[in-house]
1. Residue 263 fails exactly one of the following numbered conditions: (1) assigned to a strand (DSSP E or B); (2) under 25 Å from residue 322 (Cβ atoms); (3) open to solvent by less than 40 Å² (accessible area, probe 1.4 Å); (4) touching a Lys or Arg at 6+ places or on another chain (Cβ under 6 Å). What is the number of that condition?
2. Looking only at region 123-177, which residues are within 18 Å of residue 364 (Cα to Cα) and open to solvent by 30 Å² or more (accessible area, probe 1.4 Å)?
3. Any residue at all in region 96-106 that is surrounded by 16 or more Cβ atoms within 10 Å (Cβ to Cβ), acidic (Asp, Glu) and closer than 28 Å to residue 234 by Cα?
4. Does residue 276 satisfy the condition of being more than 16 Å from the ligand (Cβ to nearest atom) and under 23 Å from the mean Cα position of the chain (by Cα)?
5. Condition test on residue 89, is it open to solvent by less than 50 Å² (accessible area, probe 1.4 Å), of a type outside the set (D, E, K, R) and within 28 Å of residue 334 (Cα to Cα)?
6. In region 315-348, which residues are closer than 24 Å to residue 248 by Cβ, touching a Ser or Thr at 6+ places or on another chain (Cβ under 9 Å) and of a type outside the set (Phe, Trp, Tyr)?
7. Restricting to region 195-226, give me the number of residues that are under 20 Å from the mean Cα position of the chain (by Cα), closer than 20 Å to residue 162 by Cα and open to solvent by 20 Å² or more (accessible area, probe 1.4 Å).
8. Quick one: which of 310, 351, 282, 286 is farther than 30 Å from residue 173 by Cα, hydroxyl-bearing (Ser, Thr, Tyr) and crowded, with 17+ Cβ neighbours inside 10 Å?
Amino acid sequence: MIRLFILLLFITTLYSSEVERFRWTNGETYLVFLEKHKLPIRALYYNLDKDDQRLTEEMRSGTHYQVLSDSNKTIEQILLPLNDELQIHIYKKDSVYKFEAIPIISTTKIEAFAAKIVSSPNYTIMKKTGSKKLAQIFTANFRNSLNFKNDIRKGDDLVMIYEQKYRLGEVFSMPILHVAMIEMRHKKHYIYLNDDDRYYDEKGHEVEGFLLARPVRGARISSYFTKRRYHPVLHKWKAHLGIDYAARRGTPIVAAGSGRIIYAARMGSYGNLVKIRHADGYETRYAHMKSFRRGIRKGKYVKKGQTIGYVGTTGRSTGPHLHFELRKRGRAINPLRVVQVTTKKLKGKEYKAFVKLKKNYDESISLHLENQTSYKRHSKFRPMCYVHSLSCKTDG
Ligand SMILES: [Zn+2]
């Protein structure tokens with residue numbers, strides 16, 4: 001009996017590959033990661049082109065990744081998610097390890113819930129959903145227009161409609177708020193995501209952000225933010241984690257928001273680079289500068305709109321432009337989603353389109369209020385999904 005059992009065990013081990021889930025630790029570099037898994041550093045780093053090498057720097061602590069090994073504990077495949085759209089795929093082919101950047105396949109769902117306010121909106125949403133991210137996007141978007149301190153009443157209503165990504169059945173990446181409503185002293189306040197990707201209140205006034213949209217006055221955007229883009233010539237997946245502003249050499253660059261300079265020096269392909277740390281874990285980066293403004297150095301506090309340097313083409317750059325990045329807790333985010341120039345009021349055709357969009361949203365909000373739509377809780381991670389990815393349900 002025991003012999004049979006051992007034999008069975010042996011067979012299962014022999015024919016099963018194993019998926020292990022790891023967490024990218026704080027301060028871990030890609031090279032340390034390769035060493036840890038005994039992977040060839042030359043093939044998987046030194047032989048890569050500059051763009052791919054740069055991608056490897058995008059791994060953030062806390063990110064979960066999967067390693068598929070065969071029965072001899074030899075690594076077959078690794079997936080390293082860089083952001084919510086692009087991942088590094090390391091795999092073995094003809095006993096040689098290969099590196100490629102590939103898109104992450106995810107499904108998107110529109111979800112909603114209604115809640116009765118218990119205390120602060122933050123606490124109410126946490127209690128209802130258990131999701132810190134949902135509480136975050138709600139308070140961040142209302143922060144500049146409402147003061148939650150005094151006018152919150154127990155029993156008032158709150159509704160959120162948002163977009164959530166799923167990957168292999170798991171909630172994945174930051175949700176995007178589409179519309180939110182909060183009642184304060186019997187008055188309902190709304191925020192809507194318009195077709196132009198900006199937030200407006202019920203009167204069609206843009207809700208002001210804390211950063212300037214354009215760190216270079218009057219400059220033209222020559223390249224937009226993208227977490228993944230297929231390069232038609234190189235036939236490769238890449239990411240552009242910032243916005244490029246084409247401008248004349250020497251054009252002043254201003255700080256997009258107030259904060260402390262944490263870096264002002266040369267840095268590899270960034271060329272002359274300034275990094276500014278702002279409130280709430282935000283950081284902006286200004287690359288390829290011709291030169292820094294006099295007195296701009298590490299440790300200095302700068303105000304929103306203050307000149308910090310001049311447009312140039314230092315580092316890896318094909319012509320004079322500013323490469324501008326916005327990061328939150330290290331992770332690159334699209335500046336156009338957070339940032340504004342001046343508060344905009346919708347007019348004419350734009351306003352008409354907004355009213356239509358608003359009408360649809362308002363109807364959904366009324367429905368969710370009437371039904372007191374409850375938040376749908378999600379199941380936990382199932383590691384087997386990664387092996388039998390086809391048979392794994394994706395909640396979709
Ligand atoms: Zn750029």
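The values are calculated or read from the model by the stated rules, or taken from the named source; none is laboratory data. Since this is a predicted model, take the numbers as computed values, not measurements. Heads up, the Cβs are rebuilt from the backbone with ideal geometry, glycines too, and the neighbour counts pull from every protein chain shown. Note: areas computed on protein heavy atoms with side chains; ligands, DNA, RNA excluded. Shrake-Rupley method; radii C 1.70, N 1.55, O 1.52, S 1.80 Å.
1. Single failed check for residue 263: (3).
2. Passing the criteria: 163, 176.
3. no
4. Working: more than 16 Å from the ligand (Cβ to nearest atom): yes; under 23 Å from the mean Cα position of the chain (by Cα): yes.
The answer is yes for residue 276.
5. Values: open to solvent by less than 50 Å² (accessible area, probe 1.4 Å): yes; of a type outside the set (D, E, K, R): yes; within 28 Å of residue 334 (Cα to Cα): yes.
When the stated conditions are applied, residue 89 passes them.
6. Once the filter is applied, which keeps residues that are closer than 24 Å to residue 248 by Cβ, touching a Ser or Thr at 6+ places or on another chain (Cβ under 9 Å) and of a type outside the set (Phe, Trp, Tyr), region 315-348 yields 315, 316, 317, 319, 320, 321, 322, 323, 325, 326, 335.
7. 5
8. On the way: 351 fails: crowded, with 17+ Cβ neighbours inside 10 Å; 282 fails: farther than 30 Å from residue 173 by Cα; 286 fails: farther than 30 Å from residue 173 by Cα.
Result of the check over 310, 351, 282, 286: 310.
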